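Just so it is clear, none of the values below were taken in a lab; they were calculated from the coordinates. Computed from a predicted structure; not experimentally measured. No Cβ is skipped: glycine too gets one built from the backbone with ideal geometry, and neighbour counts run over all protein chains shown.
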Amino acid sequence: MPAYCRAAAHNAFALEMPRVDSTAGLFRAAFAISRHEHPDADVKQAEATLAELADTVSRRVHSPNVDAKLAHLHDVLFDVVGFVGNVDDYYNPANSYLPEVLRTHRGLPITLVLIYKCVAERIGLEVRGINSPGHFLAAVRSGQPEGVTTTQSAWMYIDPFYGGQVLYRDDVCRRIAATTGREFFDPSLWLEPASHRQWLSRMLNNLQATFAQTGRERDLYAMLELNELLTHSGERL
């Protein structure tokens, strides 16, 4: 049993480790993190909310075209529902807790990208998390084959934190350079897709940093226990 992490969170997180490479496993593992502070949070209710959002988008889409799906997805998530980054209270732990983000429609880039991915994949889009420094992003496959030299990239970069803004590759790198102060030299290093384990580790690291800054030592140790579980489960594969 964990010494610091609430058992509901630790057990639910451990349960998802064998299937964390699936989107459903990633979502459930990320949701389990929130149960340290919200032990009664209902993951099935959260999944029903995602399904309802996807159904709303699907009813509007009358074309298999990626751009059409993307337009309706963004209209529902960002214009109708109003998902957006919490710029006014960025370091609030609630921004990392999926049940809170689904309730308030405010969150960090990484939690908003996860909700975006879950809804988008339900309507047939392919989405990656982009593990860029300082600001997590989504990438959506455009329908253009990779490796084919055209004016259109195989992937479009999306920033759910800023209302689903669509970015080009160089725009992403300039934003990262401005945010982090790093020299803009090799875009490919900043646009690597995140594995699901990297995704969860980054979520836990965000919470660890917040709890360290606010003196919440027991909560910090709880996140370390989850990170240790994530690391050890990966080593056993």
Hey, if you put +1 on the Cβ of every Lys and Arg and -1 on every Asp and Glu Cβ in the chain, which of TYR168, ALA3, ALA46 ends up farthest toward the positive end of that dipole?
ALA46
What does the net charge come to around GLY181 if you take all other residues with beta carbon closer than 13 Å to its beta carbon, with K and R at +1 and D and E at -1?
+2
For ALA68, what is the net charge nearby, where nearby means another residue's Cβ is under 14 Å from its Cβ and Lys, Arg count +1, Asp, Glu -1?
+1
Rounded to the nearest 0.05, what FRET efficiency do ARG141 and TYR221 give with R0 = 41 Å and r taken as the Cβ-Cβ distance? Could you check?
0.55
Running a GNM on the chain with Cα contacts under 10 Å, which residue among VAL61, VAL140, VAL84 ends up with the highest mean-square fluctuation?
VAL61
Roughly how many nanometres apart are two label points built 7 Å out from the Cα toward the Cβ at ARG103 and ALA178?
3.4 nm
Going by how many other beta carbons lie within 10 Å of each one, how would you line up LYS44, LYS69, fewest first?
LYS44, LYS69
Can you put TYR97, TYR4, TYR91 in order of Cβ neighbours within 10 angstrom, beginning with the fewest?
TYR91, TYR4, TYR97
Rounded tilt (10° steps) of 217-235 against the dominant C-alpha axis of the chain
70 degrees
Once Lys and Arg get +1 and Asp and Glu get -1 on their Cβ, which of LEU125, ALA194, SER233 lies farthest toward the positive end of the dipole of segment 7-235?
LEU125
